[in-house]
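Every number here is computed from the coordinates shown, using simple stated rules; none is lab data. Keep in mind that what you see is a predicted model, and the values were worked out from it rather than measured. Cβ coordinates were reconstructed from backbone atoms using ideal geometry, including for glycine residues, and neighbour counts include every protein chain displayed.
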């Protein structure tokens, strides 16, 4: 495809020779002649110019270049649009591997691909165009919506419900029993965990993340939400739409997150609190109470980020002055 | 069953019509007519009254209600007792799936259920009434006591020993090699990891938690202990009885925990320390030394909780005063 | 083997009867008569003397003992050398379990052992002397070098490359999609994750650890590096040689670690920073910027360890003085 044709596809403005053929897409470090790459800042533009790339997708304000440019508002998004245009997912033909174990009472849609050693138990419903890869286990009465993709070694406990186009990476566990016990006279009794997990449309869950079933209600992950690897979502948690949760985060029981919340890696939230829409929680934060919508918090415990930074600065200055005064070690 | 009959079962006091038939148990949000639910405080009682529940289990001091009440000392425990009365686990018949691989030298007890794609290696001993679900791997010479339940995709390394009634959720790994190396002249050599993991009676381990085998001794998890999802228990750790460990905690090598210890989520403990009986460690704490029995600690690093809270309060006040004085930014 | 013969093997100096037969190796707590154990300090020497061990491996400066000693520079290393001498890994014969699913287009080396329910997809190349245990999934075009060992329930996504002698413990996921999205007008779009993971020689990866494939470049784990359980290595991360990463650590996207870096447990590093060679990062640290080579850092956020400790000491003193003055609670 010619540079000029790609530019039309993404409503970009070409600078330089728009007649060059583009044969591939790549990151700056691996770009070869004939490739399109993208650069979101001056540093990366310089890198892209040193590469063999034939064309650079960049934004409208960046400097001119010796190479052909396509200027757009959001280069990364435009790169993605071009990628998706040339890499539409192919529909797999219906296939059930002879070493898969599929219950007679399971209902399997059209164009479903089921790999070796998959186990699908009684009453499960698998929608059209679903892919379930090797060694995954789908327990009783799970519902899996159309276009879901389940990578190897995933487990869904009974009654789990995935809506459409959900991606579960390897090692994900959905619907395990929550951490619910009753103590009485020094003994610990297991409390019934009877709810489900409901995962709405377009959710992606990272490798080895765990999502517990509700105790008496359900655990819900809202549409469009993306959860990274090794996160823990406890029983009865309700997460809104388009939430981003980075790796190693933990959300404790019955806590509610609004829409568009962002959590940095290794952050944690206590149980039974409410995090408003559009809240941003910095990496490593320990959230110990509810947070109003739109707040940006950070720290252990999490506070408005300006306050946490100021406390750190003050402590730093007090420590410096303390040192000058020579009190430390004598006090 | 009539309300009056349920009340007798749990030694509760009925207020209101004790002749109503109860057909099911549910949480407040999902309660329908004919259901029993429970309420541990006034707020939840109000919620339960707005629901269609026919009877509310509550404590002895809470206000009167328009609905039939059963008053008990611990409503959650009584709810559990009623639940267990009507939901006794059914014994499964002996079953070994044709796609399970069971070594000829493994010994399999009575009423054992083994799902598809389970692998049981040489010398393993599986007690009576054990359930091992699809895609789990039991390596050589493991011992699994009666009434254990192993969910899908679990791995037990060789020589692991589970006593009775242990529950392992999906993705659990027990007996993996500890993180033990010897450095010499810039190179890192793997040190032998030869011990076992011993898990005593009535332990429950959450999804994707990992427990390493001992290096030269054993790693031991005491009876009645419950560990949540995504925790790491390192080699040679010894955990006492009835300990509760929330998600994403890490316990480093050779550390010893007494009985009844409680760890909040994302807490960590360094290696080679001793945590006394009945210690409580707050969520997100970093424990860097031994802790006396009965202490309640929190923070990074963990200190007695009153001290940590006071330090936070003082830093907050100092920062506020600092701001008033206008020094910050000039200092 | 006689004590004198063992001493020759490790260039040690015998004290006491060098004619005793040694039949086994063990840790202090389990040592029986005829066993060799080791003691790296006076406390452990006392413990070893109370045991039934017949000989104690120790260092050159420790006190004399009633038992036969072999004195060496590094007792733990010498113990390892003796262990390895008597426990050379045995080569397994070629074996592919009848319930393994191996693509016709996969190339399988000599003396490869493939367990039940393993899935090996199209184009995979498995080197000589590789062991792949039950229920592991190897996706398309993976390359696995000679002497690699893959425990049960591991997943390798397509194009993953393991060099020689790599150990992957159970539940490890290598090559899952990175957490890469583009936001536009409130919606979140998945960005292509097209790179590979390359794991160099002699790397060991702990149970349930996840390593994401590169987005447009590759994720690389350098030779000799050891990663503990439940760690997250994000897309495009490059880790140097002989790095040690303890459990529950997270390294964010595109961050670069030099050689010989050490990370304590539950530490995290933000994205797009560079950690120099020989840096040590204390347990629980939150690293929010690049770190110069050789630095030792700790804290939230991570700072030079002396500075973090001083700040903690100053805050502690200020809090104590504050209390004396009685201001807190009135302020």
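For residue C:321 and residue C:292, compute 0.36 nm times the residue count separating them, minus their Cα-Cα distance, and round to one decimal in nm.
The span from residue C:321 to residue C:292 would gain 6.8 nm if fully extended.
Averaged over peptide A:186-196, how many Cβ atoms belonging to another chain are found within 10 Å of each residue's Cβ?
That works out to 5 on average.
Tell me what chain C gives for mean residue ellipticity at 222 nm when only DSSP H runs of n ≥ 4 count, each as -39,500 (n - 2.57), the sum divided by the residue total, rounded to 500 deg cm²/dmol.
-4500 deg cm²/dmol
Given springs between every Cα pair under 10 Å in a Gaussian network model of chain B, which of B:105, B:119, B:54 has the largest fluctuation?
Taking springs between Cα atoms under 10 Å, the residue moving most is B:54.
I'd like the mean, over residues of C:294-304, of how many other protein chain beta carbons sit within 10 Å of each residue's own Cβ.
What the average comes to for C:294-304 is 2.
Any idea what the residue B:95 label distances to the other copies are, label 7 Å down the Cα→Cβ vector, nm, shortest first?
Here the equivalent label points are 2.9, 2.9 nm apart from this one.
Only bridges with both residues in chain A count here: give the DSSP antiparallel percent, nearest 5.
So the antiparallel bridges in chain A amount to around 15 percent.
Name the residue, out of C:132, C:288, C:120, whose mean-square fluctuation peaks in a Gaussian network model built on chain C with Cα pairs under 10 Å.
C:288
What are the distances, in nm and sorted shortest first, from the label point of residue A:304 to the label points of the same position in each other copy, with each label point placed 7 Å from Cα along the Cα-to-Cβ direction?
The answer, with the shortest distance listed first, is 3.4, 3.4 nm.
To one decimal in nm, how far is residue A:24 from the same spot in the other copies, if labels go 7 Å from Cα toward Cβ? Please give the shortest first.
5.8, 5.8
Based on the alpha-carbon gyration tensor of the stretch A:114-162 and its eigenvalue square roots a ≥ b ≥ c, which shape applies: rounded if a/c is under 1.5, prolate if not and a/b is larger than b/c, or oblate? All intermediate terms of the calculation are to be shown ahead of the outcome.
Values: a/c = 1.67, a/b = 1.10, b/c = 1.52.
Here the stretch A:114-162 falls in the oblate category.
For the protein assembly as shown, what does the alpha-carbon gyration tensor say about shape, rounded, prolate or oblate, given a ≥ b ≥ c as the root eigenvalues, a/c under 1.5 as rounded, and a/b over b/c as prolate?
Taking the square roots of the gyration eigenvalues as a ≥ b ≥ c, the protein assembly as shown is rounded.
Need one word for chain C: rounded, prolate or oblate. Basis is the Cα gyration tensor (sqrt eigenvalues a ≥ b ≥ c); a/c below 1.5 gives rounded, then a/b vs b/c decides.
Values: a/c = 2.60, a/b = 1.08, b/c = 2.41.
Judged from the Cα gyration tensor, chain C comes out oblate (a/c at least 1.5, b/c at or above a/b).
How high is the relative contact order of the stretch C:111-163, given as a whole-number percent (alpha carbon pairs under 8 Å, six or more residues apart)?
About 33 percent, as a whole number.
Across peptide C:264-274, how many C-beta atoms of other chains are within 10 Å of each residue C-beta, on average?
Per residue, the number of nearby Cβ atoms from other chains is 5 on average.
What is chain A's relative contact order, in percent, from Cα pairs under 8 angstrom and six or more apart in sequence? Show your work: numbers first, answer last.
Details: 955 pairs, mean separation 20.7, N = 331.
Contact order relative to length: 6 percent.
Among DSSP beta bridges whose residues both lie in the protein assembly as shown, state the antiparallel percentage, nearest 5.
So the antiparallel bridges amount to about 15 percent of the total.
Provide the percentage of antiparallel DSSP beta bridges, counting only those with both residues in the stretch B:3-86; round to the nearest 5.
25
Residue B:185 to residue A:83: FRET efficiency via 1/(1 + (r/R0)^6), r the Cβ-Cβ distance, R0 45 Å, to the nearest 0.05?
The computed FRET efficiency comes out at 0.40.
Once each part is reduced to its C-alpha centroid, what is the distance from the stretch C:152-189 to the stretch B:211-283 in angstrom?
Cα centres, the stretch C:152-189 to the stretch B:211-283: 29 Å.
I'd like the FRET efficiency for residue C:92 and residue B:125, computed as 1/(1 + (r/R0)^6) with the beta carbon distance as r and R0 of 22 Å, rounded to 0.05.
So, using R0 = 22 Å, E works out to roughly 0.35.
Would you mind calculating the relative contact order of the stretch C:3-86 from Cα pairs under 8 angstrom and at least 6 residues apart, reporting the percent as a whole number? Don't jump to the answer; show the numbers that get you there.
Values: 166 pairs, mean separation 24.0, N = 84.
Once divided by the residue count of the stretch C:3-86, the mean separation gives 29 percent.
Over chain C, with a Gaussian network built from C-alpha contacts below 10 Å, which listed residue (C:228, C:41, C:277) shows the highest mean-square fluctuation?
Comparing C:228, C:41, C:277 in the GNM, the peak value goes to C:41.
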